[in-house]
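Asker: Pasting in a structure now, in structure tokens, and then I'll have a few things to ask.
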Amino acid sequence: MQAEYRQRREALMSKIGNGTAIFRSAPMAVMHNDVEYAYRQDSDFLYLTGLNEAEAVAVLAPHHEEHKFILFVQPKDITKEVWSGYVTGVDAAKSIYGADEAYPINELNEKLPQYLSNADRIYYRFGRDKSFNQTVLNHYQRLLRVYPKRGIGPTAIQDTCTILHSMRMVKTESELALMRKAADIAVEAHNLAFEIAKPGVYEYEIQAEMERIFRKHGALGPAYPSIVASGANSCILHYIENNRQMQDGDLLLIDAGCSYDYYNSDITRTFPVGGKFTEEQKILYELVLSAQKQAIAQVKPGNAYNLIHDTALRVLVEGMVELGILKGEVDKLIEEEKYKPYYMHRTGHWLGLDVHDVGVYQHGDNPLILQPGQVLTVEPGIYIVPGAKPAEEQPQVDQKWMGIGIRIEDDVLVTQEGCEVLTKGVDKELQDMER
Ligand code: GLY
Ligand code: MN
Ligand code: MN
């Protein structure tokens, strides 16, 4: 794996010429008072180094004579480590992580200038760590002040995202192996949830069993707070309380995935808790399923990314018109976004080290064209939210649809021929959702 991190750094360096790129580790996140969440590295930092440690800075300086890859890390200190765990330390930053040079993080201000002073620009993504943003600015301004005298040095700070995030959008074989594993574990968890969900069971019991499966297989845990939403809770997109007792007649919408070696899966299934759909649930389920399948059929190299959403949206709007939930001409309803009270999100997102992974979805007015190696979710839904106001000039929704929330979400890899649904191991056909 170290070889792959090196390849990524080299690929990035080949694109930044005489620039120097700086990457900051993610900050620790506070749970409460002096208790912190388990540490999770910034995804760009992880992608380039594999180092999952706070208080670190990675520098790439392709133009530097001796050191192209420099790490600043926490130094070994057993009196500290005995409290908060072992750290890599300066020596192993070189021997394990392949840095050409490594320093203790407290020497950053002293050692960084030598890697910046002859660069023509600094590549840095301003982040949430304001004090580190300021550190980078201070170095930049100091070099700008002496620029007239030296005639060399950085004269711009450029965001790394256009280069690095287009790399991250296309997954390598080893990344795909981790994504398949994350998908397989989440598939097993969803299949278990389908078996154990029944009237009388609490949503959190399902959550607990699914997250047990995640950890049992070595996943770090949920990729995001698991959504186990029964009855009208299924209409709340980010419902995470998961504390309701499920009733016969409810639908259960489960949106849960795991993080395996930092790569994520993201699956949603919706099924009747009591084993049988009501007539209305069945009709809307079939509509969402049809939208999802037709959208997935558009996932192939050469197609525009937006075609996936546009396809799903058209199926949903046509269906809602047929059912009398919307009234009017389909094109106009889409153009005027009259469907938004019942379908308020997009049909998917890139998936990878981040659940909502990096990468653009279009280039200004030009479409983003799909290419092999990209992984995305396809997740249309319909939510007849109790109390939701119809769009202007649209009918009140018949009471019989109220409180039905349905989403179906799969993780899809763009292949040479078309696509592969990584999460196909969880049933979604209508007849398989009933028991
Ligand atoms: N669970 C987050 C999402 O589906 O985007
Ligand atoms: Mn998703
Ligand atoms: Mn999801």
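The values are calculated or read from the model by the stated rules, or taken from the named source; none is laboratory data. Everything numeric in this text was worked out from a predicted model, so none of it was measured. With ideal geometry, Cβ positions are generated from the backbone for all residues, glycine too; neighbour counts draw on all protein chains shown. We work out accessible area using only protein heavy atoms, side chains counted, and drop any ligands, DNA or RNA first. Shrake-Rupley method; radii C 1.70, N 1.55, O 1.52, S 1.80 Å.
Asker: Please determine whether any residue of segment 253-263 is assigned to a loop (DSSP other than H, G, I, E, B) and more than 16 Å from ligand 3 (Cβ to nearest atom).
Answerer: yes
Asker: Of the conditions (1) surrounded by fewer than 23 Cβ atoms within 10 Å (Cβ to Cβ); (2) within 13 Å of D184 (Cα to Cα); (3) within 14 Å of ligand 2 (Cβ to nearest atom), P225 satisfies every one except a single condition; which number is it?
Answerer: With (1) surrounded by fewer than 23 Cβ atoms within 10 Å (Cβ to Cβ); (2) within 13 Å of D184 (Cα to Cα); (3) within 14 Å of ligand 2 (Cβ to nearest atom) applied to P225, the lone miss is (2).
Asker: Then there's this: Given the criteria touching a helix residue (DSSP H, G or I) at 6+ places or on another chain (Cβ under 8 Å), in a helix (DSSP H, G or I) and of a type in the set (A, V, I, L, M, F, W, C), does V299 qualify?
Answerer: It is false that V299 is touching a helix residue (DSSP H, G or I) at 6+ places or on another chain (Cβ under 8 Å), in a helix (DSSP H, G or I) and of a type in the set (A, V, I, L, M, F, W, C).
Asker: Within segment 389-435, how many residues turn out to be loosely packed, with under 15 Cβ neighbours inside 10 Å and among the hydroxyl-bearing types (S, T, Y)?
Answerer: So the count comes out to 1.
Asker: Taking segment 194-230 only, how many residues are small (G, A, S), part of a loop (DSSP other than H, G, I, E, B) and closer than 26 Å to D357 by Cα?
Answerer: Residues meeting the conditions: 4.
Asker: If you don't mind, there's one more thing I want to ask. If you check every pair at least six apart or on different chains, which have Cβ atoms under 7 Å apart with a residue in segment 390-408 that is more than 27 Å from Q294 (Cα to Cα) and modelled with pLDDT under 95 first and a residue that is among the β-branched types (V, I, T) and open to solvent by less than 30 Å² (accessible area, probe 1.4 Å) second?
Answerer: Final answer for the pair search is none.
Asker: Among the residues of segment 342-374 satisfying the criterion of being out of contact with any helix residue (DSSP H, G or I) (no Cβ under 8 Å at 6 or more places or on another chain) and of a type in the set (A, V, I, L, M, F, W, C), which is nearest to ligand 2 (Cβ to nearest atom)?
Answerer: Only one residue fits best here, namely V355.
Asker: Can you name every residue in segment 201-253 that is within 16 Å of ligand 1 (Cβ to nearest atom) and among the polar types (S, T, N, Q)?
Answerer: Q207, S226, N233, S234, N242
Asker: Give me a count of the residues in segment 339-388 that are in contact (Cβ under 8 Å) with a residue 12 or more places away in the chain, away from ligand 1 (no atom under 16 Å from the Cβ) and open to solvent by 30 Å² or more (accessible area, probe 1.4 Å).
Answerer: Residues that pass the stated criteria total 10.
Asker: Got a sec? Which strands (runs of 3 or more DSSP E) wholly within segment 13-104 have at least 3 residues that are more than 28 Å from the chain's Cα centre (by Cα)?
Answerer: 101-104
Asker: Sticking with this one: Kindly indicate whether E188 is over 26 Å from T347 (Cβ atoms) and buried (at least 17 other Cβ atoms within 10 Å of the Cβ).
Answerer: no
Asker: OK, next. Could you tell me which of the residues V317, V321 is in contact (Cβ under 8 Å) with a residue 12 or more places away in the chain, surrounded by 21 or more Cβ atoms within 10 Å (Cβ to Cβ) and farther than 23 Å from Q416 by Cα?
Answerer: Of V317, V321, the one residue that is in contact (Cβ under 8 Å) with a residue 12 or more places away in the chain, surrounded by 21 or more Cβ atoms within 10 Å (Cβ to Cβ) and farther than 23 Å from Q416 by Cα is V317.
Asker: Which number in (1) open to solvent by less than 20 Å² (accessible area, probe 1.4 Å); (2) away from ligand 1 (no atom under 16 Å from the Cβ) marks the one condition that D310 misses?
Answerer: In the conditions (1) open to solvent by less than 20 Å² (accessible area, probe 1.4 Å); (2) away from ligand 1 (no atom under 16 Å from the Cβ), D310 misses (1) alone.
Asker: Restricting to segment 159-176, and then to whatever is out of contact with any strand residue (DSSP E or B) (no Cβ under 9 Å at 6 or more places or on another chain) and free of Cβ contacts under 8 Å to residues at least 40 places away in the same chain, can you tell me which residue is most open to solvent (accessible area, probe 1.4 Å)?
Answerer: Top of the filtered list is E173.
Asker: Spot the failing condition for V317; the list is (1) aliphatic (A, V, I, L, M); (2) within 14 Å of the chain's Cα centre (by Cα); (3) away from ligand 1 (no atom under 16 Å from the Cβ), and only one is missed.
Answerer: The one condition V317 does not meet is (2).
Asker: Another question, if that's okay. Give segment 66-111 a look and list any residue that's at positive phi and touching a helix residue (DSSP H, G or I) at 6+ places or on another chain (Cβ under 6 Å), or say none.
Answerer: Residue satisfying the conditions is G98 alone.
Asker: Restricting the first residue to segment 1-18 and requiring it to be of a type in the set (S, T, N, Q), which pairs with a second residue that is open to solvent by 30 Å² or more (accessible area, probe 1.4 Å) meet a Cβ separation below 6 Å and a spacing of at least six or different chains?
Answerer: Listed pairs, sorted by first residue: Q2/G98; N18/H63; N18/D120.
Asker: Considering only residues of segment 284-303 that are crowded, with 16+ Cβ neighbours inside 10 Å and of a type in the set (A, V, I, L, M, F, W, C), which is farthest from Y383 (Cα to Cα)?
Answerer: V299
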